[in-house]
Every structure is written in C-alpha cells, then in structure tokens.
Amino acid sequence: MSLKASAAIIAFVLISCLAAGCSGRKTAGNAEQSAPQAPTEISVELIKGYRDWQRAVANVNTDAHMSAIKDVYVNDRGIASFRSGEVPFPAGSIIVKENFEFLSGGEKGALMALTAMVKMNAGYHPEGGDWAYIQTDPGFSETTLGKVEKCASCHAAAANKDFVFLSRSK
C-alpha cells in the first residue's frame, strides 16, 4: 500500500471518529452521559421544585419529624429504590418529606417544615450511607443542611435499608 493510500485511510478514520463524537470533548450528545450522578455540594436549591417529582407516600402519620402528617416526594433517580425497597439507593437520589401539622381528628393542617435526604457520591459520609440532610421551613429561609448529626443518628437505625425508613412508607 502506498504512503498516499495509508494517509488517506488514517485521515478517513480520524474524521469518522470526530464525527461520531469520540474526541473526548463534551458535546450536547455526550454531556448528559458524563454528568455526575450526584451533586458535589449540598444546597436547599436541590429540593426546590420537589412537587414536580413523584409523590411516593401521602398522608402518613408517624412520630418521626414532629409527630406530623407526611407526604413524601422522591426524584426520578431514587423512586425505583424507594418503591421496591432495593438498596442501596443510587447516588443523586433525593427524598423530601412535607411535615404537616396534625390537627384533632387526624386532619392535615399547615405545612410546618420540609426534611430531605440527598444521596451523595461515595465517600461523602460513609458511616451515614453517604446521605446528606436538609431541614428547612416551607419558605426555605431557615435551613440546616449537610451531615446533620440529629438526622444521621436517627437514620442509623435503618442502616440495613440504606438509612431510609422504608417500612414507614409502604
């Protein structure tokens, strides 16, 4: 094979590779595939818009989180694990509980607080299943977030279910 023919073949392969998106550069087509599976920082912004997620549980009454009536929302990343009980949850899963006032007769009152769990990437908080926690008021003005010891110590009782109280959500 001549040098000219070899150069033509190499040029063809390189151009084909670039056209197929194997340059290693992020393009609109491959950016989503290379996006991180979990947030790198914990922020209340992660849960804004949670009502657009799937409501996994409605009107459950538990003693956890202020003995309130709860509605639970889960993002697309975590809903399969939440519903099936298969753990661990994938990184990027977010679970939000609305905590409503418990009125006499078992009626749901005003929304008092939001409590949330965010599954971070491996290594964030290994002893707590790599979950971060968010506690906030309905207006998102008073917020506690991160490795919240009060949350982590209670959820340690559900370590065998990836620190999520799935039995309360069935």
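Among the candidates R55, R51, R83, which residue alone is surrounded by 13 or more Cβ atoms within 10 Å (Cβ to Cβ), of a type in the set (K, R) and out of contact with any strand residue (DSSP E or B) (no Cβ under 6 Å at 6 or more places or on another chain)? Spell out the reasoning first.
Values: R55 fails: out of contact with any strand residue (DSSP E or B) (no Cβ under 6 Å at 6 or more places or on another chain); R51 fails: surrounded by 13 or more Cβ atoms within 10 Å (Cβ to Cβ).
On inspection, the qualifying residue turns out to be R83.
Going through L114, L145 one at a time, which residue ends up being hydrophobic (A, V, I, L, M, F, W, C), open to solvent by less than 40 Å² (accessible area, probe 1.4 Å) and assigned to a strand (DSSP E or B)? Please lay out each step first, then the result.
Values: L145 fails: open to solvent by less than 40 Å² (accessible area, probe 1.4 Å).
Unique residue meeting the criteria: L114.
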Filter result for F140 (within 15 Å of A58 (Cα to Cα) and either open to solvent by less than 20 Å² (accessible area, probe 1.4 Å) or not hydroxyl-bearing (S, T, Y) (or both)): no
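Each row is one residue, and each column tells you yes or no for (1) over 19 Å from E45 (Cα atoms); (2) of a type in the set (S, T, Y); (3) modelled with pLDDT of 95 or more; (4) not in a loop (DSSP other than H, G, I, E, B).
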{"residue": "V60", "(1), (2), (3), (4)": "yes, no, no, yes"}
{"residue": "H65", "(1), (2), (3), (4)": "yes, no, no, yes"}
{"residue": "G92", "(1), (2), (3), (4)": "no, no, yes, no"}
{"residue": "A132", "(1), (2), (3), (4)": "no, no, yes, yes"}
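Do we find that S141 is of a type in the set (S, T, Y), touching a helix residue (DSSP H, G or I) at 6+ places or on another chain (Cβ under 7 Å) and at pLDDT 90 or above in this structure? So that I can check it myself, show each step before the final result.
Values: of a type in the set (S, T, Y): yes; touching a helix residue (DSSP H, G or I) at 6+ places or on another chain (Cβ under 7 Å): no; at pLDDT 90 or above: yes.
Here the answer is no, as S141 does not meet what is asked.
Whether any residue in region 2-25 is modelled with pLDDT of 95 or more and small (G, A, S) is what I want to check.
Checked region 2-25: no residue is modelled with pLDDT of 95 or more and small (G, A, S).
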Sole exception among (1) surrounded by fewer than 21 Cβ atoms within 10 Å (Cβ to Cβ); (2) within 16 Å of the chain's Cα centre (by Cα); (3) without any contact (Cβ under 8 Å) to a residue 60 or more places away in the chain for L103, by number: (2)
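The values are calculated or read from the model by the stated rules, or taken from the named source; none is laboratory data. Keep in mind the model is a prediction, meaning the values are calculated, not measured. Don't worry about glycine lacking a Cβ; one is built from the backbone with ideal geometry, like all the others, and counts go over all protein chains shown. To get the accessible areas, we keep the full protein, side chains included, count just its heavy atoms, and leave off ligands, DNA and RNA. Shrake-Rupley method; radii C 1.70, N 1.55, O 1.52, S 1.80 Å.
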